[in-house]
Amino acid sequence: MSLFLRRGAAPALILFGALMTASGAPPAAHETQNIIFVMSDGLRWQEIFHGADATLMTKQNGGVENPAGLKKTYWRESEQARREALMPFLWTVVAHQGQIYGNGKLGSESFVTNGKNFSYPGYSETLCGFPDPRIASNDKVPNPNVTVLEWLHRKPAFRGKVAAFGAWDTFAAIINAERAGFPVIAGFDPLTIPPVTQKVELLNQLKLDEPRFMGGEPVDALPFYTAMEYLKAHKPRVLYLSLGETDEWAHEGNYEEYLNAAHRADAYLKTLWETVQAMPEYKGHTTLIFSPDHGRGEAPLGWKDHGEKVPDSKYIWMAFLGPDTPALGERSKIEAVTQNQIAATLAALLGEDYRADVPKAGAPIADVLGHK
């Protein structure tokens, strides 16, 4: 830009207890056949868990022209109400039916391991499952590492069933699109894979016409709606989408637009989830993953920045919703989870063992898989 059974329990009860999930019901057979993975660049854990920050809803600290209007939209007296006002789908659906990690105040830490705390290293760690010291800039250098997306695409069951959409034009390099062999629509790239419907043509035209005020990326609406059209037409088993506005507006010091971008990202999650639940190919067989590439500094002075000189920007969050993930909600008092675990977790949700081929990748998150 991380059952205890009473001694002497009857064998039948022991067996039943071992099969129970934290939701109190026996786990169903493995159900996830599809993954939708959405990332929102540089979206802080502080807003995810605490909602809008009053210290940033000012002209001085957050560039807010109308603090009263912004507070009417996002400020609520209780923390729970604030975060739900900002991210309603995350806190009314994912928090009740899935799992959310990263609230350090509750003893649930989540962080990157690459030490760089900026975008390319974070996306590479997320998608490859390990940090690579060679990736030390945001330059458009093709990733020498194979992402879990490419690893899956090499398997017959996923051939032609993986696609990636990214607001940032550097995604063509991060995923190494030329080598990967599946569609990677990044930045202002048009979607030219048939069928090119009138809606796709309009989206392509809007990408041509939009002012390049954010450099190498359009507003999030364009990659999102392009991905939606691809989803409905091609029904991929793995769909990756990265949004960029949360990072761009934060760097600009525009807290109002940062909050609006986070709110839209949540609405996009809702639309994706409701869309796939209405499609027979996906309903009941799809897991949604949501995470950022890095964190940011603390308010009121450091929130705009991240990187090696901002140690707190290593802290992130991650959320999971799907048929194989027990409904444990907002996690607390657990071992830390790390960014390098996401790739193997994604693969394991699909019944694939990523670490068998990539042993340096982080281990799958057992609780997400319903494993104890």
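Among the residues of the range 145-183, those identified as more than 18 Å from Gly351 (Cα to Cα), buried (at least 23 other Cβ atoms within 10 Å of the Cβ) and among the hydrophobic types (A, V, I, L, M, F, W, C) are Ala163, Ala164, Phe165, Ala167, Trp168, Phe171, Ile174, Ile175.
Residues in the range 276-330 that are under 18 Å from the mean Cα position of the chain (by Cα), of a type in the set (Val, Ile, Thr) and under 30 Å from Ala136 (Cα atoms): Ile289, Ile316. Residues that are modelled with pLDDT of 95 or more, surrounded by fewer than 21 Cβ atoms within 10 Å (Cβ to Cβ) and not hydroxyl-bearing (Ser, Thr, Tyr) within the range 23-42 comprise Glu31, Gln33, listed in sequence order. Taken over the range 95-150, the residue count meeting the criterion of being farther than 28 Å from Leu321 by Cα and among the acidic types (Asp, Glu) is 2. Of the residues in the range 43-52, at least one is under 20 Å from the mean Cα position of the chain (by Cα), within 25 Å of Met228 (Cα to Cα), modelled with pLDDT of 95 or more and surrounded by 16 or more Cβ atoms within 10 Å (Cβ to Cβ). Going residue by residue through the range 31-45, is there one that turns out to be closer than 30 Å to Lys235 by Cβ and assigned to a helix (DSSP H, G or I)? Within the range 31-45, not a single residue is closer than 30 Å to Lys235 by Cβ and assigned to a helix (DSSP H, G or I).
Quick one: count up the residues across the range 173-220 that are polar (S, T, N, Q) and not in a loop (DSSP other than H, G, I, E, B). Final tally of qualifying residues: 3. Restricting attention to the range 229-250 and to residues that are farther than 22 Å from Trp45 by Cα and touching a strand residue (DSSP E or B) at 6+ places or on another chain (Cβ under 9 Å), the residue that is surrounded by the most Cβ atoms within 10 Å (Cβ to Cβ) turns out to be Leu239. Identify all residues within the range 269-295 that are touching a Lys or Arg at 6+ places or on another chain (Cβ under 9 Å) and of a type in the set (D, E, K, R); write none if there are none. Of everything in the range 269-295, just one residue is touching a Lys or Arg at 6+ places or on another chain (Cβ under 9 Å) and of a type in the set (D, E, K, R), namely Glu281.
The values are calculated or read from the model by the stated rules, or taken from the named source; none is laboratory data. Quick caveat: nothing in here was measured; it's all calculated off a predicted structure. For neighbour counting, all protein chains shown are included, and Cβ atoms are generated from backbone atoms with ideal geometry for every residue, glycine included.
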